[in-house]
Amino acid sequence: MAVPLFDTAAQRESLREAILAKVGEVIAAGRFILGPEVEAFERELAGYVGAEHAVGVANGTDALTIAARALGVKPGDDVVVPSFTFYATAEAIASIGANPVFCDVEPESRNVTPDTVAAAVTPNTTAVVAVDLFGVPADCAAIRERVGLPVIEDAAQALGAGLDGVRAGALGDVATFSFYPSKNLGAFGDGGAIVTSDERIAERARALRFHGSRDKRSFELVGYNSRLDELQAAILRVLLPELDGWCAGRRRAFEHYRNAGIAEHVTPPLTPPGVEAAWHLYVATHRDPDPLLERLRGAGVQARSYYRVPLHRQPAMAPYVPDGLELPVTEELARANLALPMSPALSEAQAAEVVAAMRLPGDPGFAGHAGLQIHR
């Protein structure tokens, strides 16, 4: 059977009529920019996360840029960021004239840690970006305690996750989300949000998203035209109550892979202590991933690698990379990772099909030598 990498259509189909009705209400009201649907979604998202404020913006990249500026990051500042993540994490920092300083990640969680961040802090560092990679929250509180700097939680892949009973999005001083369609809570287009319990940060973010103005008359800052559309907010309001159920489905899919014996063929992702992962992606590792990816695709299984060129190797980031920078865990994860199908709708049969497609004819698997060995 064909197994898609993402299956967002299946989880939305049962909500089709409710979504169409909500869209109809917005069209009938004729209010399309920063209207009641955006205000309601912001309240509901903040309540879900457990924060005081949410500010809807146009996309997840703008959310990072505006959050950093609202926090006080300015041109010339150093901001520690992981290199094993999507390009926007560093791009947002560079776009405001600050300097992304790349740090390594920890091999099990694939996230930054107090130690990896501390190794990259400079005298000019004013903030840290901690990415909740693949739906596993980073320990923002431990990082903040270790380095004494505010933490921007890039939670784009982790809405619905938690750490020690605290929701992703409430772990940092300010957090950002993306509602890109493939995310765990995906809009029908672009969308993003900034979440914080700091009123000063929230007010500054609201001004920055509207050209630097709080009242549309006086412009105090050079800002952005970055607003969550009323239509997208209305759709997200229909989807948000379903999120916990979808995340539970993703955790069931994780167990389906475990029960199907996936560890005989690849090194599966781990759930760190205290973490309730949202599993935006199921990213395993293998010592020789490319032939395995080819075999999976030949069997109709959509699979791919992520972040094969880490950020400190990207051409646009060269001005920010010091000579001799070594990030060994990042380099090996970039080389060895492969993402397998993951969605709330992934069935036991589909998980078994994925695992079966990994097996070479006559070979019971790679038990004993599939494990990824990363030496610091």
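Scanning the stretch 1-26 for residues that are within 30 Å of H53 (Cβ to Cβ) and without any contact (Cβ under 8 Å) to a residue 12 or more places away in the chain returns A21, G24. Within the stretch 103-122, the presence of a residue that is part of a strand (DSSP E or B), closer than 30 Å to G223 by Cα and not hydrophobic (A, V, I, L, M, F, W, C) is excluded. Can you tell me which residue within the stretch 297-343, out of those that are more than 22 Å from R359 (Cα to Cα) and polar (S, T, N, Q), is surrounded by the most Cβ atoms within 10 Å (Cβ to Cβ)? Ranking the candidates gives T330 first.
Hey, any hits in the stretch 56-77 for a residue that's under 22 Å from T113 (Cα atoms), in the same structural domain as R237 (by TED's automatic domain parsing) and surrounded by fewer than 21 Cβ atoms within 10 Å (Cβ to Cβ)? There is at least one residue in the stretch 56-77 that is under 22 Å from T113 (Cα atoms), in the same structural domain as R237 (by TED's automatic domain parsing) and surrounded by fewer than 21 Cβ atoms within 10 Å (Cβ to Cβ).
Filtered by the rule that a residue be without any contact (Cβ under 8 Å) to a residue 60 or more places away in the chain and assigned to a helix (DSSP H, G or I), the stretch 280-293 gives P289, D290, P291, L293.
Taking only the stretch 85-100 into account, find how many residues are under 18 Å from Y307 (Cβ atoms) and either in a strand (DSSP E or B) or touching a Leu at 6+ places or on another chain (Cβ under 7 Å) (or both). Write out each step before concluding.
Filtering the stretch 85-100 down to residues under 18 Å from Y307 (Cβ atoms) leaves 85-94, 100.
Those left that are additionally either in a strand (DSSP E or B) or touching a Leu at 6+ places or on another chain (Cβ under 7 Å) (or both): 85, 87-90, 92, 100.
Result for the stretch 85-100: 7.
Name the residue that is nearest to the chain's Cα centre (by Cα), counting only residues in the stretch 295-341 that are in contact (Cβ under 8 Å) with a residue 40 or more places away in the chain and on the phi > 0 side of the Ramachandran plot. Filtering the stretch 295-341 for residues that are in contact (Cβ under 8 Å) with a residue 40 or more places away in the chain and on the phi > 0 side of the Ramachandran plot, the one nearest to the chain's Cα centre (by Cα) comes out as Y307. Checking each residue in the stretch 88-113 for being surrounded by fewer than 17 Cβ atoms within 10 Å (Cβ to Cβ) and under 28 Å from G274 (Cα atoms) picks out only E108.
The numbered conditions (1) assigned to a loop (DSSP other than H, G, I, E, B); (2) more than 18 Å from the chain's Cα centre (by Cα); (3) surrounded by fewer than 19 Cβ atoms within 10 Å (Cβ to Cβ) are all true for P241 except (1). For the stretch 2-50, filtering for residues that are within 16 Å of W246 (Cβ to Cβ) and in contact with an Asp or Glu (Cβ under 8 Å, 6 or more places away or on another chain) leaves 2.
What do you reckon, is V129 in a strand (DSSP E or B) and either at negative phi or not assigned by TED's automatic domain parsing to the domain that holds L221 (or both)? The answer is yes for V129.
Tell me, which residue of the stretch 37-51 that is in contact (Cβ under 8 Å) with a residue 24 or more places away in the chain and under 21 Å from S226 (Cα atoms) is surrounded by the fewest Cβ atoms within 10 Å (Cβ to Cβ)? This residue is A40.
Quick grid of which residues meet (1) out of contact with any Leu (no Cβ under 7 Å at 6 or more places or on another chain); (2) at pLDDT 95 or above; (3) over 30 Å from E25 (Cα atoms):
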position: E199; (1), (2), (3): yes, yes, yes
position: E203; (1), (2), (3): yes, yes, no
position: R217; (1), (2), (3): yes, no, no
position: P241; (1), (2), (3): yes, yes, no
position: R251; (1), (2), (3): yes, yes, yes
position: I262; (1), (2), (3): yes, yes, yes
position: G274; (1), (2), (3): no, yes, yes
position: H280; (1), (2), (3): yes, yes, yes
position: P289; (1), (2), (3): no, yes, yes
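When the stretch 256-279 is examined, which residues are found to be more than 12 Å from A351 (Cβ to Cβ) and in a helix (DSSP H, G or I)? Once the filter is applied, which keeps residues that are more than 12 Å from A351 (Cβ to Cβ) and in a helix (DSSP H, G or I), the stretch 256-279 yields A263, E264. Whether any residue in the stretch 176-186 is surrounded by fewer than 18 Cβ atoms within 10 Å (Cβ to Cβ), free of Cβ contacts under 8 Å to residues at least 60 places away in the same chain and under 18 Å from the mean Cα position of the chain (by Cα) is what I want to check. No, because not a single residue in the stretch 176-186 is surrounded by fewer than 18 Cβ atoms within 10 Å (Cβ to Cβ), free of Cβ contacts under 8 Å to residues at least 60 places away in the same chain and under 18 Å from the mean Cα position of the chain (by Cα).
The values are calculated or read from the model by the stated rules, or taken from the named source; none is laboratory data. All figures in this text were calculated on a predicted structure; none of them were measured in a lab. Cβ atoms come from the backbone with ideal geometry, glycine included; neighbour counts cover every protein chain shown.
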